[in-house]
1. Do the conditions hold for Val49, that is, is it open to solvent by less than 50 Å² (accessible area, probe 1.4 Å), assigned to a loop (DSSP other than H, G, I, E, B), touching a residue at least 60 places away in the same chain (Cβ under 8 Å) and not hydroxyl-bearing (Ser, Thr, Tyr)?
2. Taking the stated definitions as given, is Leu80 more than 17 Å from Glu189 (Cα to Cα), of a type outside the set (Ser, Thr, Tyr) and open to solvent by less than 60 Å² (accessible area, probe 1.4 Å)?
3. Within region 183-192, can you find the residues that are open to solvent by 20 Å² or more (accessible area, probe 1.4 Å) and assigned to a helix (DSSP H, G or I)?
4. Could you list, in sequence order, the residues of region 166-182 that are surrounded by 14 or more Cβ atoms within 10 Å (Cβ to Cβ) and in a loop (DSSP other than H, G, I, E, B)?
5. Counting only residues that are closer than 22 Å to Ile197 by Cα and either touching a strand residue (DSSP E or B) at 6+ places or on another chain (Cβ under 6 Å) or among the acidic types (Asp, Glu) (or both), how many does region 207-231 have?
6. Among the candidates Ala154, Ala198, which residue alone is surrounded by fewer than 19 Cβ atoms within 10 Å (Cβ to Cβ) and more than 14 Å from Ala114 (Cα to Cα)?
7. Is it the case that region 228-239 has a residue that's farther than 30 Å from Arg146 by Cβ, open to solvent by 90 Å² or more (accessible area, probe 1.4 Å) and acidic (Asp, Glu)?
Amino acid sequence: MAYNFILVDTEDHVGIVQLNRPKAYNALSPELMQELLDALEAFDKDDSVGCLVITGNDKAFAAGADIKFMAGDTTPVDMLMNSFIDQWDRLAKINKPVIAAVSGYVLGGGCELAMACDMIVASSSAKFGQPEINIGVIPGAGGTQRLTHAVGKAVAMEMVLNARMLSAEEALQFGLVNRVAPLESYLGEAKTLAAEIAARAPIAVRLAKRAINNVYETPLHAGLDLERNLFFMLFSTQDQKEGMDAFVNKRKAEWQGR
């Protein structure tokens, strides 16, 4: 497909989507978000791709949503009928793991986009924030919820109520990101992590992601039941037979995704 606001590539069974509005600091317009999710869903259906990476550029992963289309006389019904925020829900439904490789500004909707991914690799220059309070609103695409799960109530309150930004090292300290890398290598590190995951047993990876994400949706006993059922289910796959036979016979497993 031809895209206007993103760049798409594949490397080592990894699908890579780069946000491509550099003059606007990758502000998340409805058109960009539509293209992003279309591309991710296409990769999700591609059996040759095992993991996904979303990135921006060195100056900005995404500096926030494009405010222009929301300003003026926009009403609650206008926002309800617009599918813009629904795009973050589409991201949460991607079955394969999604890694955000972020640098520079990771703000507002951009921070929400990164948090909707499964893992975050940040450059040392990354700055995370939810500054919506500065324009008279609050985060609307998961910012109050995912941020609080990640960093805790106290830090989330300060970020949302007073527009505090976190440095990359602070984000690592508070558990918002997986790792911090130098500016020149953060994207390569994210791609390496993605390639390692893409080399794992595909069905097991998919079900593991589902089980972990389920922690935020259900009480412990229900989560344990789901985990156990998914564990049992994997014994119906060829990959389980292959993986255990390879382990017993001390050889490298060859995954089929079946």
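The values are calculated or read from the model by the stated rules, or taken from the named source; none is laboratory data. Please read these numbers as outputs of a predicted model, since none were measured by experiment. Note that we place each Cβ from the backbone using ideal geometry, even for glycine, and neighbour counts take in every protein chain shown. Please note that ligands, DNA and RNA were not included when accessible areas were found on the heavy atoms of the full protein model with its side chains. Shrake-Rupley method; radii C 1.70, N 1.55, O 1.52, S 1.80 Å.
1. Working: open to solvent by less than 50 Å² (accessible area, probe 1.4 Å): yes; assigned to a loop (DSSP other than H, G, I, E, B): yes; touching a residue at least 60 places away in the same chain (Cβ under 8 Å): yes; not hydroxyl-bearing (Ser, Thr, Tyr): yes.
In short, yes.
2. Details: more than 17 Å from Glu189 (Cα to Cα): yes; of a type outside the set (Ser, Thr, Tyr): yes; open to solvent by less than 60 Å² (accessible area, probe 1.4 Å): no.
Answer is no for this residue.
3. Quick first cut of region 183-192, residues open to solvent by 20 Å² or more (accessible area, probe 1.4 Å) only: 183-185, 187-189, 191-192.
Leu187, Gly188, Glu189, Lys191, Thr192 - these are the residues of region 183-192 that are open to solvent by 20 Å² or more (accessible area, probe 1.4 Å) and assigned to a helix (DSSP H, G or I).
4. Leu176, Val177, Asn178
5. 1
6. Values: Ala198 fails: surrounded by fewer than 19 Cβ atoms within 10 Å (Cβ to Cβ).
When all the criteria are applied, what remains is Ala154.
7. Scanning region 228-239 turns up no residue that is farther than 30 Å from Arg146 by Cβ, open to solvent by 90 Å² or more (accessible area, probe 1.4 Å) and acidic (Asp, Glu).
Here's the yes/no breakdown for (1) basic (Lys, Arg); (2) closer than 18 Å to Val102 by Cα; (3) touching a strand residue (DSSP E or B) at 6+ places or on another chain (Cβ under 7 Å):
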| residue | (1), (2), (3) |
| --- | --- |
| Met119 | no, yes, yes |
| Ser125 | no, yes, yes |
| Gln130 | no, yes, no |
| Gln145 | no, no, no |
| Ala150 | no, yes, no |
